[in-house]
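Asks: Take this structure, written in structure tokens, and hold onto it; I'll ask about it next.
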Amino acid sequence: MPEEKEPDEFPTFATAMIISAHPDDPDFGAAGTLARLVDGGARVTIVICTDGSEGGEDPTVPDAELTRLRYAEQCAAAKELGIDEVVFLGHPDGRLEPTLEFRKEITALLRRHKPELVLTHVPVINLNTPIGAYHPDHLAAGQATLAAVYPAPRHPPAIRAPPPGGREPCRGKEDGTPTWGRPRLTVPTTPDCT
């Protein structure tokens, strides 16, 4: 059994970004962490990669209506966490792939916002995790994000033509993925009740 250690002090960041496949993924995967970041003064940006049109259970609801509803819910959830900026990339739900073009979109966002911390999905299939963790869109978002985090934002030759909206190269402090294994940092998200 691993030795129990005191939790590390929660790090502070001026800026942070979470890049998720679907509306509601940031809330299920990292809402407590995002709230801690905002409470610590970070300017947090949420990026949603797909339109969320396959996330409903009622087949009679048109895709466009479901997308509108899920986008509105994501904005409301972000507001509850104190997050003002949500970026929707609008890729078709269920069809996300870690292409060079997708990495360029992410690189442009990283260069524009210059987040010190980037959070995203775990880009590997692990059969010891809940099944939703290895949804194909989650894998693609995680893989493309981590490939964009290094080397593209800090190394101009990695993506030579500036992506639309791209800015100067930047270098973050940390990247992370929610995990069910051995985390580098465990984030307590409940208030101290003592």
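Asks: I'd like to verify a number: residues in segment 85-126 that are within 17 Å of Val44 (Cα to Cα), out of contact with any strand residue (DSSP E or B) (no Cβ under 6 Å at 6 or more places or on another chain) and among the β-branched types (Val, Ile, Thr), how many?
Replies: 2
Asks: Kindly provide the set of residues from segment 127-157 that are over 23 Å from Val44 (Cβ atoms), at pLDDT below 90 and either out of contact with any helix residue (DSSP H, G or I) (no Cβ under 7 Å at 6 or more places or on another chain) or of a type in the set (Phe, Trp, Tyr) (or both), ordered by number.
Replies: Leu127, Asn128, Thr129, Pro130, Ile131, Tyr134, His155, Pro156, Pro157
Asks: Further, regarding this structure: Take residues that are farther than 16 Å from Gly142 by Cα, open to solvent by 40 Å² or more (accessible area, probe 1.4 Å) and modelled with pLDDT of 95 or more and tell me which of the helices (runs of 4 or more DSSP H) falling wholly in segment 1-115 contain 2 or more.
Replies: Filter on segment 1-115 gives 63-81.
Asks: Sticking with this structure for a sec: What pairs come up if the first residue lies in segment 21-46 and is touching a residue at least 24 places away in the same chain (Cβ under 8 Å), the second is surrounded by fewer than 21 Cβ atoms within 10 Å (Cβ to Cβ) and among the aromatic types (Phe, Trp, Tyr), and their beta carbons are under 7 Å apart, counting only those six or more places apart or on different chains?
Replies: Pairs found: Pro23/Tyr71; Arg36/Phe10; Leu37/Phe13; Gly40/Phe10; Ala42/Phe13.
Asks: So, in segment 116-138, of the ones that are over 21 Å from Leu34 (Cβ atoms) and in contact (Cβ under 8 Å) with a residue 24 or more places away in the chain, which residue ends up most open to solvent (accessible area, probe 1.4 Å)?
Replies: Only one residue tops the list, namely Asn128.
Asks: Select from segment 116-135 the residues that are within 17 Å of the chain's Cα centre (by Cα) and in a loop (DSSP other than H, G, I, E, B) and list them in ascending order.
Replies: Glu116, His121, Val122, Pro123, Val124, His135
Asks: What is the residue count in segment 34-56 for residues that are on the phi > 0 side of the Ramachandran plot and in contact with a Lys or Arg (Cβ under 9 Å, 6 or more places away or on another chain)?
Replies: Residues that pass the stated criteria total 1.
The values are calculated or read from the model by the stated rules, or taken from the named source; none is laboratory data. What you see is a predicted model; the values in this text were computed from it and never measured. Every residue, glycine as well, gets a Cβ built from its backbone with ideal geometry; the counts of neighbours run over all protein chains shown. In case anyone asks, the SASA skips ligands and DNA or RNA and just uses the protein heavy atoms, side chains included. Shrake-Rupley method; radii C 1.70, N 1.55, O 1.52, S 1.80 Å.
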